[in-house]
Amino acid sequence: MVLPVKRWFAIAFLAGAIAISQATALAADDWQIIKLSGQDYLSVDNISRFYGLPAGIAASGEKVEFEAAKNPLEFVSGSREVMINGARSWLCFPAIEQNGKLLVSRTDVAKTIEPLVRPHRVPNVGKVQTIVVDPGHGGYDKGQVSRYGYEKDFALDVARKLRPLLLSKGLRVIMTREGDYFVPLEVRAQIANKARDSIFVSIHFNASNDDRNATGFEIFSFTPRGAPSTSDSAVAPSALSTQPGSAVDAQSLALSACIYHSLLGHIPEYDRGIKRARFAVLRLTKVPAVLIEGGFLTEQGQCRLIAQKEWRAKLAHAISVGIESYRALGIKKQPPLLVADYRKQIKSAPNEFVVQDAELKEADTSIVNLVGQSAFPAPQQAPTPSQRVSLESAPIVP
């Protein structure tokens, strides 16, 4: 949309007493701040007018599916769930009703809606030369288990298939592990932090002990400071003040969006959403970073698909297209392709994409040269009790 010429300046978006600086400066006159219980909110109508995007509101308890989403913005009253441009996402705080209006926290407008609606406007977005590909788990840490194999092996295979695709695009690729051995979580982050103009993409597969029918894709970036993670059922006081934030939060969310739209666009799995978490590899990584959950090993049909090398090659292809979409943001300065765009492309040319098992190429920089041999335990070394930490349960350190 074309906004009237006004004096532009950065608005500080607050969560409690924490100021969030927005480099994508917003016009103050366009916002009507609503104070509620000491927090700042904006109405859905106000958000819709600012972005020039129609917005819909579903009743509390309803779920909005891709096929049923009639507007670019679809909110759910009393929920953190929101559909943005055809993909599910999760707000930091629930949308609430007040005096006949649906209100969204000011933090979410800045930290969730803005980078998802206008990822091409995020500062320094798309600046990338190196892709650090992180196959989850490894060695004694098998990850999730299915009747067909281990998560660690499926993740490594997808990473190996992804590497040549990225190399063919002129990108530098570093693998956090090349084989079946465990790499400490802090070392995985260290590899990304030391690489020039890098992004970090961690590959995993999901599981559920509560719902054996759970299925679908989801993707995570680091939880903003002053906000709860998506899985948090309640807003703990610690989430509003003491948890760390990230200087590249907006870039990470833009990366999540680019990869996630490509995943859903190429592979029509259930949309579980763009989410936030404080997983160790996301917390310790200082560059744009995401963690992909490529389906459930506990669901009978999906675990069979994951076990097929052709399906894993298709997953790797979708991830590579998403990464290229992110890189293009900084070059074209235009919105990326969305789920619907990818599906139209595939429908119009159904035979164009054929998955091939590309030959493995050596990484152009070895991990050992980057961080030193001493960083890695021997592949068969028995883990100490302190090493027996999964990605999800790694403790948060100050």
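The values are calculated or read from the model by the stated rules, or taken from the named source; none is laboratory data. Quick caveat, the model's predicted, so the values are computed rather than measured. Glycine gets a Cβ as well: all are built from the backbone with ideal geometry, and neighbour counts include every protein chain shown.
Computed values, structure above
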quantity	calculated
Residue that is in contact with a helix residue (DSSP H, G or I) (Cβ under 9 Å, 6 or more places away or on another chain) and at pLDDT 95 or above, where the choices are Leu14, Leu3, Leu73	Leu73
Flag if Val158 is assigned by TED's automatic domain parsing to the domain that holds Ser320 and surrounded by fewer than 19 Cβ atoms within 10 Å (Cβ to Cβ)	no
Candidate set: the stretch 218-234, residues that are polar (S, T, N, Q) and surrounded by 24 or more Cβ atoms within 10 Å (Cβ to Cβ); chosen: the one farthest from Gln251 (Cα to Cα)	Thr223
Candidates Leu305, Leu284 - the one that is free of Cβ contacts under 8 Å to residues at least 24 places away in the same chain and either touching a helix residue (DSSP H, G or I) at 6+ places or on another chain (Cβ under 6 Å) or more than 17 Å from Ala318 (Cα to Cα) (or both)	Leu305
Entirely in the stretch 114-228, the helices (runs of 4 or more DSSP H) that have 3 or more residues that are within 25 Å of Gly265 (Cα to Cα)	114-117, 151-167
Residue among Val128, Val122, Val133 that alone is within 13 Å of Ala257 (Cβ to Cβ), in contact with a helix residue (DSSP H, G or I) (Cβ under 6 Å, 6 or more places away or on another chain) and not polar (S, T, N, Q)	Val122
Subset tally (residues that are at pLDDT below 95 and either surrounded by 16 or more Cβ atoms within 10 Å (Cβ to Cβ) or not aliphatic (A, V, I, L, M) (or both)) for the stretch 302-334	4
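So that you can scan it fast, the table gives a plain yes or no per residue for (1) within 15 Å of the chain's Cα centre (by Cα); (2) of a type in the set (A, V, I, L, M, F, W, C):
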{"site": "Ala289", "(1), (2)": "yes, yes"}
{"site": "Glu293", "(1), (2)": "yes, no"}
{"site": "Gly301", "(1), (2)": "no, no"}
{"site": "Gln308", "(1), (2)": "no, no"}
{"site": "Ile323", "(1), (2)": "yes, yes"}
{"site": "Tyr326", "(1), (2)": "yes, no"}
